[in-house]
Each structure stands twice: as structure tokens, then as C-alpha cells.
1. Between residues in the range 11-40 that are surrounded by 14 or more Cβ atoms within 10 Å (Cβ to Cβ) and residues that are acidic (Asp, Glu), which pairs lie under 6 Å by C-beta distance while being six or more apart or on different chains?
2. Considering each of Asp37, Asp61 in turn, give the residue that is more than 9 Å from the chain's Cα centre (by Cα) and under 16 Å from Val5 (Cβ atoms).
3. How many residues does the range 1-49 hold that are more than 17 Å from Val68 (Cβ to Cβ), charged (D, E, K, R) and assigned to a loop (DSSP other than H, G, I, E, B)?
4. For the range 56-76, what are the residues that are in contact (Cβ under 8 Å) with a residue 12 or more places away in the chain and assigned to a helix (DSSP H, G or I)?
Amino acid sequence: MELTVTEGAPMSGELLNTAMERGNLPEGCLVVALMRDGEIRAPRGDTRICAGDEVTVFTDDASLSDAVQAFTGNHR
């Protein structure tokens, strides 16, 4: 699924390597790509997610709503 990170979303400003332990990245959600300023990046643990980033995530059906909420602040 592709999502655009919104200002104020739980994942906005978070580092991937600490987001899960802080409770902002749902269990079963994997960020596989990130587009920022027109450039596609392969995210790593030290990647900070920023508002305006377009992220591609894999998630299981049980975590889908939580993933949408984490990156956009909205529930699906």
C-alpha cells in the first residue's frame, strides 16, 4: 500500500528503528520504499519518516487500519 505521511501523524518525525518500540509503527507493518523530493529511497533503521514522504508499506490485513492511522492520522 502507498501512503502519504501527514503532518501530525504518529510516524511523522519518527526513526524507523525506534518507531515500533515507541508504539508508533504497528506490528506486522514493513516500510519497503520511501519517496522524498522525487527520489525513491530504500529505508533503513536510521531513516526518519517526514511529513510529505510517500511510503510503500507491506502489512497484514489485521494491521491495515493501524498502518493507515500511523502514517496519515486517519482510520481506513
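1. Cβ pairs passing all conditions: Asn24/Glu14; Pro26/Asp66; Gly28/Asp60; Leu34/Asp53; Met35/Glu54; Arg36/Asp53.
2. On the way: Asp61 fails: under 16 Å from Val5 (Cβ atoms).
So the residue among Asp37, Asp61 that is more than 9 Å from the chain's Cα centre (by Cα) and under 16 Å from Val5 (Cβ atoms) is Asp37.
3. Final tally of qualifying residues: 5.
4. Ala62, Ser63, Leu64, Asp66, Ala67, Val68, Gln69, Ala70, Phe71, Thr72
Only the coordinates and a few stated rules stand behind these numbers; no lab work does. Because the structure is a prediction, the values reported are computed rather than measured. Heads up, the Cβs are rebuilt from the backbone with ideal geometry, glycines too, and the neighbour counts pull from every protein chain shown.
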